[in-house]
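**Q** This structure is in structure tokens; I'll ask about it shortly.
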Amino acid sequence: MGGMTMSNKRTAWIGISLAAVAIIVTGYYVFDIPPPQDLSGTVVPAQRYRAEQIQAQDVKLGDQTVAQLLQNEAVDKLVKDPAFQKLAANQQAMQAFAANANAFAAMMSSAQAFNAMTNNAQAFQAFANSPQVFQVIASSPQAFQAFAASPQVFQAIASQPNAFASFANNAQAFATAAAKPQSFQAMQGQAQAFQAFAANQQAMQAIQNSPQVFQMMANNAQAFQAFASSAQAVQASVQAINAMNNNAQAFQAFANNVQAMQAIQNSPQAFNAIANNAKAFQAFANNAQAMQAVQAFAAKAQAVQAMQAMQSNPQAFANAVQAFAAQDNK
């Protein structure tokens, strides 16, 4: 492809290449890499998409973003990258990426954090309905580490964060109350769990080190109360908290990225997309070249319009990407 001009392509190919580049720029690495014995299985769908010859009218861009991107050196590099052919097999993952392009670009701004999220995809899915809770925990994962020892205690506190806010200035008072939960109304429903928590020296030391965790939850009471309404989400979040704590610096920096957090607030379903296509996104996260390419593109002015175009019709863009791959392999 690299040595041929556009004039040598069929008219249909012109439409395909214009439509596909917006996808390639921001997401063509988001696919499963088939094992060697399965490579032959990818030929048939590629041939099918080539035969269908998607026309320009099938993907409506509404502006000149893609045409302009074709002249971009970074785009040219991405289009010619051989890794694309190996990663372009998973249409579902590509469509999910396109539908949440801004959120994925935000997540991929931190390679370390994104790697942790993809390797613990089911755990981070707990935040699909609670992006604000994700941001709070990510901003100070060490403070929440104590609760990884007891989802029941975490859920009880999250259910009534204002009742526990006073302990932010007196961690010892919390330890005393937890040891005798019947003396504190908000603990009575999980008395046994609080007693066990009080006997856990590591957990109590974590509370002693970060008593501000109670105030952080109280400051976001509504979000934590909604989060606590799902015992399953709270249970799953324990693994996510551990993952964030193991990569604390990366997640803290990520949480302080206002633009990234806003993108996730707008498209928290990206957590579901990762969980539903875990293998594909793990392959993406482990591909340093792919991560660098997305990071470089996301920093460009054209990225906003391109991602908006992707999100307007993710299925058409996913189809275009596969058609592009098939044409490139002629």
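**Q** Bin width 5 Å, origin at 0, all Cα-Cα pairs of the range 119-256: what percent of pairs per bin?
**A** For the range 119-256, the pair-distance distribution reads 2, 12, 21, 27, 20, 12, 4, 1, 0.
**Q** Roughly speaking, what is the centre-to-centre gap between the range 288-309 and the range 129-187 when only Cα atoms are used, to the nearest Å?
**A** 39
Every number in this text was worked out from the coordinates using simple rules, so none of it is lab data. Note that this is a predicted model, so its numbers are computed, not measured.
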